[in-house]
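The values are calculated or read from the model by the stated rules, or taken from the named source; none is laboratory data. Just so you know, these numbers come straight off a predicted model, no measurement behind them. All Cβ positions, glycine included, derive from the backbone under ideal geometry; neighbour counts span all protein chains shown. To get the accessible areas, we keep the full protein, side chains included, count just its heavy atoms, and leave off ligands, DNA and RNA. Shrake-Rupley method; radii C 1.70, N 1.55, O 1.52, S 1.80 Å.
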Amino acid sequence: MSTFSKTRPKALPLLVGTTMALATLSPALAQAEDDKVLMGFSHAGFDALFDDANDRGLKQAIEMVMPRFMELRNSEAPFARDLQQVPVEMLQAVSDMIGAPMHLVVTGSTDADPDTGAPVFHALISFDMDKEQADRMHQTVQQFTQMAGQGGPEFVESERYLGMMETFTPMGPISFGPRQANDGWRYEILFGPDNKPDMMRGMLPVAPRGVTQLASGVVDLEALTPLTSMGTGFLAMASPQGAQAAEHMRESGLLGEGAMKFELTSWTDGNTDTTQVISRRARNFREGMYLPDSVLTPADLAIIPADATAASIAKFSPEMMLDGMLEQITASMPDAQDQIDEALAMIKQEMGIDVMGEFVPSLGDTVAMYFSDSTGGGSLLSGVIAMKSADKAKLNEIIQRVEGVVAQQWAQNDPSGGVIAPRAIRSSHNGNTMVTYSFSGLPVPIAPTMTVIGDWFVMGMSPQAAMAAADHTGRRNGRGLLDNPRFAKAYKAQPDTMSISFVDTERTLRDGYSTMNMLGMALGNLVSSGKPDGPYITSVVPPLGSMLDGCQPFIQQSFWKGDDLVQWTTTDGSAMVTMAGIMGVGDAAPLIGGMLIGAGMGAAISEQAGAGSGWDGGDWDDADWDDDWDDEGEGEDEDPDY
């Protein structure tokens, strides 16, 4: 007797349920040749995604998850009974699906159903499998459908697709089962009476020639408008805020005629992975998305030193962002407008700062953040924020006002009695006025320091970082980000670029490696068998030298291409290398590792303390507390006020 006959799951598989849900959206009409892809996603499968030699250990560990789960399921551990509630067949089906190349495509016809006026949709879920896997999957799905019970849909053998099963709903037929295509076997679920699965699979974006495609996807918000407008219509009827939200969606290109279309393509050349996301027609909604019309220049990139270990720089509009944020807040909470006005009025009264009239206009249109060796060895305290100023004099004046108000307020309301004090200490460095915010009397390990140089406002996490950043900013005719050899080699300059992010993986990998290795050993121990002769893995993370060999930096850039906004990301071909490199930014990995170790030790100590107390989590009255607690001080007079 199979596990399915013993244990009834709470729901049908998501795979079947999703397709049945799609079936309720559309009448049964034949698939038109001019169907548009409403949404879709595909990936090349587990083997392709973890094909790099540095990811072999991670791939092996993931493959060991299912055997380890089954070992625990069949063990005598206290939790084994709970694991046995999950059917074995379903676990195997999920495992097969996760590893297989997959296509999910939903298309819609430009024509509506003549009888109901409803939009027409078709759907496909397709997994590339060998025949044995496809047959096993089909058997599992059939067992689930049989458990639907009386009153559920009737499933019959399909006359259109040999080997498939089929059921008919008022909205259209659903077919599912193995299917042999020209290039191999697949397990598919189809909605619609005249689906063309091979054609639908070919409707997603494709990678350039000469590379290996990893993933692709589409979300066409204009084509989805008949669906999304139903939801926004309900929102508009429910409240005025719903109508405002729908209008904001239209202004942002998320709804209506001419709305944006997102296209994803990811590929590898065997050494570098590239992911491209195109937002079609985004320029038409630039203001609704709070995007400025300015672009980065070489002079902007020069604000970042050449020895930056990680950096990000972008164009932005402070006025547009703040106005948009306040607009969204007041749209969702109409009463918030009065509170916002009161807060802005209080700031003006207490500090003499007109936020909307003075502070925001004094800010420029460029902001950069970076860690570098010259500002502090690439550590957390080497972090620097640089923002272009539109009005240097006004920004300096505002900073001085804030300093005076903080000092005055602390002097009038000092809770420490003069023992501690926040201070704004002014100093000079190479002719530049530096303002350091310290916490005198407290062991606070940071001292943010700021200055204004030329048209740039610069703040470092430490005085040393700010001084080094000020020196670099003052001599920008020196070496900047474009002079970083690893950035320059991988960077592909594009006109009309709005933002760039960079991680020097070869540099940061060294700092992130130890924590990544620790996490890898934890994963390896978790999935290894507890039996002496069971499978095990000793090395999830490869040696550091192997990861450093030929590693590629992380670069992400956003740029305009006509009316489209393109985001282009390139990384090392190894997921392990990229993750370790990101973890090493700002020496964050040791902090993460320390937190993990501390959490583990804390859990162990808590468990031991609980065991030592004799309390097993039951009633407090039943705990075997030490009688000495009650006997302590016995015979002495009790303090009646205690």
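Miscellaneous remarks
- The label-point distance for Phe69 and Leu544, in a model that sets each label 7 Å from Cα toward Cβ, rounds to 3.6 nm.
- Estimated dipole of the range 292-415 in Debye, rounded to 20 [Cβ of Lys and Arg +1, of Asp and Glu -1, Cα centre]: 460 debye
- Per-residue SASA remark: Thr297, around 60 Å² accessible (1.4 Å probe; ligands, DNA and RNA not included).
- Largest to smallest accessible area among Thr375, Thr275 [probe 1.4 Å]: Thr275, Thr375
- On a per residue basis, the range 504-593 carries 43 Å² of accessible surface, using protein heavy atoms and a 1.4 Å probe.
- Here the range 442-574 exposes an accessible surface that is 56 percent carbon and sulfur, computed with a 1.4 Å probe and the other protein chains kept in place.
- Inter-label distance, nm, simple model (7 Å from Cα along the C-beta direction), Val88/Ile425: 7.0 nm
- Alpha carbon centroid spacing (whole Å) that separates the range 448-516 from the range 333-410: 21 Å
- Rounded to the nearest 10 Å², the accessible area of Lys492 at probe 1.4 Å: 120 Å²
- Across the accessible surface of the range 323-428, with the other protein chains kept in place and a 1.4 Å probe, carbon and sulfur atoms take up 58 percent.
- On the basis of the beta-carbon distance and an R0 of 22 Å, Asp533 and Gln146 show a calculated FRET efficiency of 0.05.
- Fully extended contour minus Cα-Cα distance, from Ala181 to Gln400, at 0.36 nm per residue: 71.6 nm
- Viscosity 0.890 mPa s, temperature 25 °C, Stokes-Einstein D of the range 300-395 from Kirkwood C-alpha radius, µm²/s: 157 µm²/s
- Rounded percent of accessible protein surface that carbon and sulfur make up, the range 173-228, 1.4 Å probe: 53 percent
- Per residue, the accessible area of the range 122-232 comes to 47 Å² when a 1.4 Å probe rolls over the protein heavy atoms.
- The range 121-186: GluC sites (Glu not before Pro) in DSSP loop, at most 16 other beta carbons within 10 Å: Glu154, Glu159
- Relative to one another, the C-alpha centroids of the range 258-331 and the range 526-573 are positioned 24 Å apart.
- Counting charges near Gln328 (Lys, Arg +1; Asp, Glu -1) among other residues having Cβ under 12 Å from its Cβ returns a value of -4.
- Exposure of Glu403 as accessible area (Å², to 10), given a probe of 1.4 Å and all protein chains: 30 Å²
- Pairs with C-alpha atoms separated by more than 20 Å, drawn from the list Lys388/Lys492; Lys261/Lys492; Lys36/Lys261; Lys59/Lys531; Lys492/Lys561; Lys261/Lys561, are Lys388/Lys492; Lys261/Lys492; Lys59/Lys531.
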